[in-house]
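K.L.:
Can you keep this structure in mind? I'll have questions shortly.
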Amino acid sequence: MSSGNRTIEVELFTTGLDAAGRPQRTPLVTNDGGSQLTIAAPEAMEPELSADHMLINIGPQHPATHGVLRLVLELDGETVVRCIPHIGYLHCGFEKIGEYRQYNQIIPWTDREDYLNSIGNNVAFALGAERLFGIDVTERCTVLRVIASELSRIISHLVWLGTTCIDIGAFTPFLWAFQERENVYNLLEGWVGARLTTSATRVGGMAADIPAGWMDGLRHFIRTFPHTIDEIDRMLTRNAIWVGRTVGIGVMTPDEAINWGLSGPMLRASGVAYDVRKDFPYLDYETYDFDVPVGTNGDVYDRFLVRMEELRQSVRILQQAADKLPEGPLNVDDARVILPPKSKATSEMESMIHHFKQVMEGPRPPAGESYVAVESPKGEKGYYMVSDGTSKPVRWRIRPPSFVNLAAIPKMVEGHLLSDVIAINASIDIVMGEIDR
Amino acid sequence: MTEKFDVVRAGSAVPDSAPPVSPRNVQHRGGEPNATARAIVERFPGAVSRTEVVWGETTIFISPESVLEVMQWLHDDPAQRYDFLSDVTAVEYRDLDQPIEVVWHLRSLPFRRFLRVKAQLPKRPALEIASVWSIWKSADWMERECYDMFGIRFIGHPDLRRILMWEQYKEGFPLRKDFPLRGRFSRSEQLRQALAQNPEAKYSMEELTIADAFEDLPDDMRRRINSGARTGE
């Protein structure tokens with residue numbers, strides 16, 4: 001190639017997709033008479049390239065693995081031939097510890113597994129434990145739990161959006177997303193006093209009712225948040241780099257997605273309209289008017305579109321929940337699980353004994369078992385609890401959606417380029433705290 | 001690459017049924033069992049030992065030998081179509097004489113059904129049961145985790161090795177009831193073992209053999225790989 005002060009202009013902006021749905025790309029042009037830049041064929045440039053496969057290790061400490069995931073890749077040139085994931089670096093034995101804790105004592109552990117969805121996990125666990133006790137929570141508690149679940153869905157999707165942008169090369173949407181996430185955390189802090197590890201629910205109710213004026217903050221968030229979604233939408237959805245990095249990458253067909261057990265946005269991006277909130281509803285989700293976005297290509301781009309639309313649908317649900325929040329008691333009137341009021345516990349002997357036995361021995365559900373699944377931001381999150389009639393579960397099993405979703409990563413990355421591994425891994429939306437538990 | 005998929009809808013096999021609602025006032029025991037329960041008893045009278053409904057969820061107990069046959073039928077039969085395997089796990093009870101139960105949670109998306117299938121495994125001789133990986137690929141990691149935590153060997157699984165604990169973990173299976181909460185070894189022994197690990201042994205022997213990096217390894221390491229040795233030991 002000739003040398004000289006030649007500059008190369010690359011037009012990054014394109015007007016969108018071509019007829020076949022691929023991003024329009026502008027070829028490299030040079031400013032010396034408009035001749036096309038010719039690049040020598042790789043064989044001529046690097047005749048030494050042989051067919052040796054290379055072993056590449058990504059992680060466990062790598063910003064693009066979203067935690068302590070480790071991928072061992074066998075590469076043929078830049079193409080992934082084989083991918084071997086290694087997990088377990090964050091394994092803490094939550095399920096084992098749960099067998100030594102009373103039901104309410106497990107709730108702080110649920111904060112710490114999928115820590116982007118902590119209040120959603122609290123709600124899911126409380127629903128599972130209440131099934132074991134045969135309790136239906138009050139109307140007000142149900143609506144508050146819907147608000148909690150949807151707020152945590154927004155948090156989780158925003159973190160996913162921000163970190164995925166960074167993985168793929170965009171920094172600005174990360175800041176916008178994290179600013180909005182901060183607003184949601186401020187709301188949660190005003191409600192339960194904690195930001196990340198909320199521990200907001202109790203068996204039979206919530207730890208605290210919302211304070212006065214909290215609803216105004218929520219309504220303000222509902223009003224302002226869609227503008228941020230629109231901005232991110234304008235920034236990414238038709239952005240040539242974004243589209244080029246994500247379209248046609250990591251495709252799963254509907255049959256494959258179901259067979260591999262994918263759930264949540266991963267499954268819906270592959271064209272399977274399965275949402276636990278619609279198909280196995282809980283918390284009266286059937287009374288809310290919301291849509292389930294479904295992709296039709298099953299690639300990373302569709303997963304992005306599905307999550308963007310879920311953000312908008314969450315705002316719709318929040319709006320409806322804020323409008324219908326009824327007055328009334330927060331906790332169920334059931335002495336088996338609910339503590340007596342503090343004033344009575346310190347003044348009446350019976351209430352004090354009741355309080356003491358509740359705290360020291362814990363509520364005892366009848367022998368039985370329940371599997372309660374909710375639609376967490378990552379997918380179907382299930383809590384399977386087995387009780388033998390004592391105050392501690394015989395078995396507390398977490399069905400972690402991102403664990404099952406991540407199991408499909410070898411299937412998705414094999415045959416793609418090394419740089420696509422990062423995009424595909426980001427699109428799964430993994431949280432290692434939940435995968436390793 | 002841009003081929004579009006047809007949307008698969010949950011509940012497609014029962015289009016006229018009422019939309020599902022959140023469960024309320026669920027009974028502890030009894031209640032209407034899942035429609036599958038009767039069909040499976042008729043189809044496999046010898047394999048199904050009993051069915052029960054607890055908190056509105058149908059549980060079917062099947063014999064461990066019949067797992068693959070029953071699961072294949074549940075997946076393939078046009079009136080069942082349990083195409084989504086939610087969960088594979090196991091339960092060991094505090095009463096150590098009770099058998100270990102392997103639990104599968106299945107969903108039929110077309111029929112919007114949920115089913116729990118259990119197989120009871122006597123604790124001796126060996127904890128072995130058929131893998132359902134050939135039916136649902138999602139069983140891959142869940143069965144590996146179940147093996148890792150309970151020591152149940154899933155026969156027919158293509159790659160049954162530890163997943164959450166590391167390859168050289170010697171203390172046994174953590175979720176078994178005879179496993180103490182803090183582990184079998186003392187803290188000092190656990191620390192000693194951790195410090196004795198070779199931090200350079202970051203690839204498993206199997207991984208080293210898949211790539212041509214094998215040729216670049218020192219002679220003694222290649223000999224150890226060929227003799228079936230493992231890293232870090």
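K.L.:
Return the residue satisfying two criteria in turn: it lies in the range A:233-260 and is more than 8 Å from every other protein chain (Cβ to nearest Cβ) and buried (at least 24 other Cβ atoms within 10 Å of the Cβ), and of such residues it is nearest to A:G415 (Cα to Cα).
P.N.:
Filtering the range A:233-260 for residues that are more than 8 Å from every other protein chain (Cβ to nearest Cβ) and buried (at least 24 other Cβ atoms within 10 Å of the Cβ), the one nearest to A:G415 (Cα to Cα) comes out as A:G250.
K.L.:
Would you please list the contacts, defined by Cβ atoms under 7 Å and residues six or more apart or on different chains, that run from a residue in the range A:118-142 that is at negative phi to a residue that is among the β-branched types (V, I, T) and assigned to a helix (DSSP H, G or I)?
P.N.:
A:N121/A:T110; A:N122/A:I107; A:N122/A:T110; A:F125/A:I106; A:F125/A:I107; A:F125/A:T110
K.L.:
Let me spell it out: the conditions are (1) open to solvent by 10 Å² or more (accessible area, probe 1.4 Å); (2) at pLDDT below 90; (3) not basic (K, R), and B:T36 meets all of them except one. Which number is the exception?
P.N.:
That leaves (1) as the condition not met.
K.L.:
Looking at A:A148, A:A170, which one is of a type in the set (A, V, I, L, M) and buried (at least 24 other Cβ atoms within 10 Å of the Cβ)?
P.N.:
A:A148
K.L.:
Against the definition (assigned to a loop (DSSP other than H, G, I, E, B) and of a type in the set (A, V, I, L, M)), how does A:A194 come out, yes or no?
P.N.:
Numbers: assigned to a loop (DSSP other than H, G, I, E, B): yes; of a type in the set (A, V, I, L, M): yes.
So A:A194 passes the test.
K.L.:
Working only within the range A:340-352, note down all residues that are farther than 15 Å from A:D209 by Cβ, open to solvent by less than 90 Å² (accessible area, probe 1.4 Å) and in a loop (DSSP other than H, G, I, E, B).
P.N.:
Passing the criteria: A:P340, A:S347, A:E348.
K.L.:
Identify the residue in the range A:123-142 that is closer than 14 Å to A:E375 by Cα and among the hydrophobic types (A, V, I, L, M, F, W, C) and, among all such residues, is surrounded by the fewest Cβ atoms within 10 Å (Cβ to Cβ). First the steps, then the outcome.
P.N.:
Taking the range A:123-142 first, the residues closer than 14 Å to A:E375 by Cα are A:123-125, A:127-128.
Narrowing further to those that are among the hydrophobic types (A, V, I, L, M, F, W, C): A:123-125, A:127.
Numbers: A:V123: 29, A:A124: 27, A:F125: 28, A:L127: 24.
Only one residue fits best here, namely A:L127.
K.L.:
Take the conditions out of contact with any Ser or Thr (no Cβ under 9 Å at 6 or more places or on another chain), touching a residue at least 40 places away in the same chain (Cβ under 8 Å) and open to solvent by less than 10 Å² (accessible area, probe 1.4 Å) and apply them to A:L325. Does it pass?
P.N.:
No: the conditions fail for A:L325.
K.L.:
Moving on. I'm told B:F111 meets every condition in (1) open to solvent by 30 Å² or more (accessible area, probe 1.4 Å); (2) free of Cβ contacts under 8 Å to residues at least 40 places away in the same chain except one. Can you identify the failing condition by its number?
P.N.:
For B:F111, the exception is condition (2).
K.L.:
Sticking with this one: Among the residues of the range B:145-157, is there at least one that is modelled with pLDDT under 70 and surrounded by fewer than 16 Cβ atoms within 10 Å (Cβ to Cβ)? It would help to see each step written out before you state the result.
P.N.:
First, pick out the residues of the range B:145-157 that are modelled with pLDDT under 70: none.
No, the range B:145-157 has no match at all.
K.L.:
Which of (1) open to solvent by 30 Å² or more (accessible area, probe 1.4 Å); (2) within 14 Å of chain A (Cβ to nearest Cβ); (3) not charged (D, E, K, R) does B:P45 not meet, given it meets every other one?
P.N.:
It fails just one condition, (2).
K.L.:
Does A:A148 fit the bill of being over 22 Å from A:I222 (Cα atoms) and at pLDDT 90 or above?
P.N.:
On the way: over 22 Å from A:I222 (Cα atoms): no; at pLDDT 90 or above: yes.
So A:A148 fails the test.
K.L.:
Could you list, in sequence order, the residues of the range A:261-287 that are out of contact with any Asp or Glu (no Cβ under 8 Å at 6 or more places or on another chain), in a loop (DSSP other than H, G, I, E, B) and either at the interface with chain B (Cβ under 7 Å from one of its Cβ atoms) or open to solvent by 10 Å² or more (accessible area, probe 1.4 Å) (or both)?
P.N.:
A:G261, A:Y274, A:F280, A:P281, A:Y282, A:L283, A:D284 - these are the residues of the range A:261-287 that are out of contact with any Asp or Glu (no Cβ under 8 Å at 6 or more places or on another chain), in a loop (DSSP other than H, G, I, E, B) and either at the interface with chain B (Cβ under 7 Å from one of its Cβ atoms) or open to solvent by 10 Å² or more (accessible area, probe 1.4 Å) (or both).
K.L.:
Please work out which residue is nearest to A:F94 (Cα to Cα), limiting yourself to the range A:386-405 and to residues that are open to solvent by less than 10 Å² (accessible area, probe 1.4 Å) and over 21 Å from the mean Cα position of the chain (by Cα). Outline the logic, then answer.
P.N.:
Keep residues of the range A:386-405 that are open to solvent by less than 10 Å² (accessible area, probe 1.4 Å), which gives A:386-387, A:393-405.
Still in the running and over 21 Å from the mean Cα position of the chain (by Cα): A:386-387, A:393-396.
On the way: A:V386: 15, A:S387: 17, A:P393: 13, A:V394: 13, A:R395: 11, A:W396: 9 Å.
Here the answer is A:W396.
K.L.:
B:G31 versus (1) of a type in the set (G, A, S); (2) in contact (Cβ under 8 Å) with a residue 40 or more places away in the chain; (3) within 14 Å of chain A (Cβ to nearest Cβ): which is the lone unmet condition?
P.N.:
(2)
K.L.:
Name the residue, out of A:V394, A:V404, A:V372, A:V386, that is at pLDDT 90 or above, touching a Pro at 6+ places or on another chain (Cβ under 8 Å) and within 12 Å of chain B (Cβ to nearest Cβ). If you could, list the steps in order and put the result at the bottom.
P.N.:
Details: A:V394 fails: touching a Pro at 6+ places or on another chain (Cβ under 8 Å); A:V404 fails: touching a Pro at 6+ places or on another chain (Cβ under 8 Å); A:V372 fails: touching a Pro at 6+ places or on another chain (Cβ under 8 Å).
Of the residues listed, the single one that is at pLDDT 90 or above, touching a Pro at 6+ places or on another chain (Cβ under 8 Å) and within 12 Å of chain B (Cβ to nearest Cβ) is A:V386.
K.L.:
OK, next. Return the residue satisfying two criteria in turn: it lies in the range A:408-437 and is open to solvent by 10 Å² or more (accessible area, probe 1.4 Å) and among the small types (G, A, S), and of such residues it is nearest to the other protein chains (Cβ to nearest Cβ).
P.N.:
Only one residue fits best here, namely A:G415.
K.L.:
Any idea how many residues of the range A:93-106 are farther than 27 Å from B:E171 by Cβ and surrounded by fewer than 24 Cβ atoms within 10 Å (Cβ to Cβ)?
P.N.:
Counting residues in the range A:93-106 that are farther than 27 Å from B:E171 by Cβ and surrounded by fewer than 24 Cβ atoms within 10 Å (Cβ to Cβ) gives 1.
The values are calculated or read from the model by the stated rules, or taken from the named source; none is laboratory data. As the structure is a prediction and not an experimental result, all values here were calculated from the model. Glycine gets a Cβ as well: all are built from the backbone with ideal geometry, and neighbour counts include every protein chain shown. Accessible surface areas use protein heavy atoms only, side chains included; no ligands, DNA or RNA. Shrake-Rupley method; radii C 1.70, N 1.55, O 1.52, S 1.80 Å.
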